[in-house]
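Everything on this sheet refers to the single structure shown next.
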Amino acid sequence: MTKIKPRPALRAMLAAAILLALTVALAVCMPGNAKAAPTDIDYAKSGDLCYLLYDDGTAAVSQDVEYNYYELTTVVIPSTITITRADFYNDPGTDDYDGIYKVTTIGDSAFDSNSDIVNLDLSGADNLREIRDGAFSNSTVANVNFSSAVNLEILGYYAFGGCSELKTVDFSGHTALVRLEDSAFSWSGVVTADFSGCTGLVSVEYNAFNSSALETIS
């Protein structure tokens, strides 16, 4: 069989195409072109809550540094917090981090096993995007106005797992919600769950309501 050799013009076109593909691949992989994850600055206090601040201007409600969450019956998540140098647990030695931070996250195990909390108020939490793994696991939280957190996208693994006092989960009309991670409400007291109108919901992971008291879901 006679091999057909590419014409010079065709070889040049192929070489140019390969070079272009390699250039694009390298550009995507270059650190300067990738969106870097935000770097945490340090912990600071605002109101009743402790926050981990990030250099992109966001903040996550964190585990309690001063052990006073157990005095709270109502946790109010704000849209933003204003931080000054005096609010840091450890003096950063500069005023460069003073400013307004968007509260986008309730962090891992932030209120885990809290036995005083009854109400989680999300009515002003319009920047909240994620409630992370175990954030309220095994706590006594009973009332949560989920639908008020209009931009909430993700509920993490076991976020409300083991919350025996929580009976109702209402996300009706919540178009921003994307995903419920595995065991998000497992072993909870949830009897009814409403996801009607959740047009953005892509994934309810396996066992999201495993061993809960769930009777009705819509």
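Note on the range 204-218: among residues that are among the hydrophobic types (A, V, I, L, M, F, W, C) and over 16 Å from Ile154 (Cβ atoms), the one that is most open to solvent (accessible area, probe 1.4 Å) is Ile217. Restricting attention to the range 118-137, the residues that are within 17 Å of Leu166 (Cα to Cα) and not in a loop (DSSP other than H, G, I, E, B) total 4.
With the structure loaded, tell me whether Tyr97 is open to solvent by 30 Å² or more (accessible area, probe 1.4 Å), in contact (Cβ under 8 Å) with a residue 40 or more places away in the chain and part of a helix (DSSP H, G or I) or whether it fails that test.
On the way: open to solvent by 30 Å² or more (accessible area, probe 1.4 Å): yes; in contact (Cβ under 8 Å) with a residue 40 or more places away in the chain: yes; part of a helix (DSSP H, G or I): no.
Against the criterion (open to solvent by 30 Å² or more (accessible area, probe 1.4 Å), in contact (Cβ under 8 Å) with a residue 40 or more places away in the chain and part of a helix (DSSP H, G or I)), Tyr97 does not qualify.
Screening the candidates Phe160, Phe88, Phe136 for the property of being aromatic (Phe, Trp, Tyr) and at pLDDT below 95 yields one hit, Phe88.
Looking at this structure, is Ser115 assigned to a helix (DSSP H, G or I) and either touching a strand residue (DSSP E or B) at 6+ places or on another chain (Cβ under 7 Å) or of a type outside the set (Val, Ile, Thr) (or both)?
On the way: assigned to a helix (DSSP H, G or I): no; either touching a strand residue (DSSP E or B) at 6+ places or on another chain (Cβ under 7 Å) or of a type outside the set (Val, Ile, Thr) (or both): yes.
So Ser115 does not fit the description; no.
Scan the range 54-88 residue by residue and report those that are assigned to a helix (DSSP H, G or I) and open to solvent by 80 Å² or more (accessible area, probe 1.4 Å).
Start the filter on the range 54-88 by keeping residues that are assigned to a helix (DSSP H, G or I), which leaves 69-71, 85-87.
Passing the criteria: Tyr70, Glu71, Arg85, Ala86.
Looking only at the range 145-201, residues that are under 17 Å from Asn119 (Cα atoms), open to solvent by 40 Å² or more (accessible area, probe 1.4 Å), polar (S, T, N, Q) and assigned to a loop (DSSP other than H, G, I, E, B) come to 2 in all.
The values are calculated or read from the model by the stated rules, or taken from the named source; none is laboratory data. From a predicted model like this one, the values you see are computed outputs, not experimental measurements. Note: ideal-geometry Cβ built from the backbone for every residue, glycine included; neighbour counts use all protein chains shown. Heads up: the accessible areas ignore ligands, DNA and RNA and are worked out on the full protein's heavy atoms, side chains in. Shrake-Rupley method; radii C 1.70, N 1.55, O 1.52, S 1.80 Å.
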